[in-house]
Every structure is written in structure tokens, then in C-alpha cells.
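Chemist: My questions will all concern the structure given below.
Readers should treat all values here as calculations from the given coordinates under stated rules, not as data from a laboratory. Quick caveat, the model's predicted, so the values are computed rather than measured.
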């Protein structure tokens, strides 16, 4: 009797390992670019994020909005950096998933419950409608969970490239 039948696991083919490694690399690249772009666009747009936070229906004080103006892009950069290293990749993907859970809840709340819909997104993402924001955030949540899942299991197709 084969070992994989006894344990209930079947051996992964070389194709499956290569596919998993490719998906893992693509997600890694995607999230590093996405989070870095989002953070840097917020930082370079001056007080745009601060004004959006003040005008958002969160009832933030000026001090809290000032804190958020820097905390949000720094968090995005920290998450991008954290997934860049194997040792912190799992926790980085969890952080990204939590970020997109919060963004999805916020975008859903804005979309379905508020008439005034301010957007504090930077760059190209600011062109999305609020319903598109919700879909975008939920897709990124799913992708971050896939990235986390792929870091949970060993991928041995070509470990030097990951």
C-alpha cells in the first residue's frame, strides 16, 4: 500500500508544485506593488488623505486624522516589506487580509448606508466607484488568503527563486 494512501494525501506533481510557486510569486509581486503604490501615492499627494479623513463619516478629530494621515501609508509600506521576507511573509499576509477586511467593511458601509461618499484612495484606485471598491477589496482579501495559504505549505519546485 502506498504511503500517500495511508495518510490520505497524494503526492504533488511537478506541475502542481510549479503552479503553486508561480502563483505564490505573482501574489507576492502584486501585493508589494499594490501596497507600495497605495502608500507612496498617499504620501506624495500631500494633505489629500488628511482632508479625506476629516471629511469621511468617521467623525475623526483633527489629531486622529493627522495620525491616520501617516499611520495608513506607513502600515501599507510595513505590510509590503513584511511579505518581502520569508520569515515574516505569513504574518504579512495575515496583516494584508485584516487590512482588506477593514477596507471592505468601510467601503460597504459607505456604499450602502451613506449619501455622502468621500474617497481617500490614492492614484488609480480613486477612479473606482464605491461598489467597485467593495469588489476590489474583497478580491484582494481572497488573494491575500491564498498567499497566506501558499506560505503555509512547502513549495519545493524551485526554492531558490522564492
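Chemist: Starting from the Cα-Cα distance between residue 70 and residue 87, subtract it from 0.36 nm times their residue separation and give me the gain in nm to one decimal.
Modeler: Computed gain between residue 70 and residue 87 is 3.5 nm.
Chemist: Please compute the length gained on full extension between residue 15 and residue 37, using 0.36 nm multiplied by the number of residues separating them and subtracting their Cα-Cα distance.
Modeler: Computed gain between residue 15 and residue 37 is 4.7 nm.
Chemist: Rounded, prolate or oblate for region 14-156? Axes are the square roots of the Cα gyration tensor eigenvalues, ordered a ≥ b ≥ c, and the cut-off for rounded is a/c under 1.5.
Modeler: prolate
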